[in-house]
Amino acid sequence: MAADIQGLAVLHYGPSHYDVVRPGHFVLCAVSGERIALDDLTYWSAEFQEAYRGPHEAIRALARHRGPDFR
């Protein structure tokens with residue numbers, strides 16, 4: 001289970017900031033599964049409570065959530 005990974009932070013994502021629920025050093029990208037250091041985290045979705053490695057992953061996730069007709 002992902003929550004059992006040593007160093008994995010648990011965050012609550014807001015529209016412009018996040019709150020640390022459980023301290024850690026990184027989160028996992030919801031699209032790629034790659035580790036994202038908290039210092040490098042700049043893309044997330046407050047609506048879906050997910051973190052993303054970068055803009056491409058964020059767009060892919062939004063399309064996945066909104067469906068193939070998302071523009």
Are any residues in the range 47-61 under 11 Å from the mean Cα position of the chain (by Cα), part of a helix (DSSP H, G or I) and of a type in the set (A, V, I, L, M, F, W, C), and if so, which ones? ALA58, ALA61
Within the range 20-49, take every residue that is within 21 Å of GLN6 (Cβ to Cβ) and of a type in the set (Asp, Glu) and give me the one that is surrounded by the fewest Cβ atoms within 10 Å (Cβ to Cβ). ASP39
ARG35 vs. criteria modelled with pLDDT of 95 or more, at negative phi and over 9 Å from the mean Cα position of the chain (by Cα): yes
Which count do you get for residues in the range 15-41 that are closer than 20 Å to ARG64 by Cα and in a loop (DSSP other than H, G, I, E, B)? 6
Going by the structure shown, is ARG71 loosely packed, with under 10 Cβ neighbours inside 10 Å and modelled with pLDDT under 95? yes
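The values are calculated or read from the model by the stated rules, or taken from the named source; none is laboratory data. Since this is a predicted model, take the numbers as computed values, not measurements. Quick reminder, even Gly has a Cβ in these numbers, built from the backbone with ideal geometry, and neighbours come from all protein chains shown.
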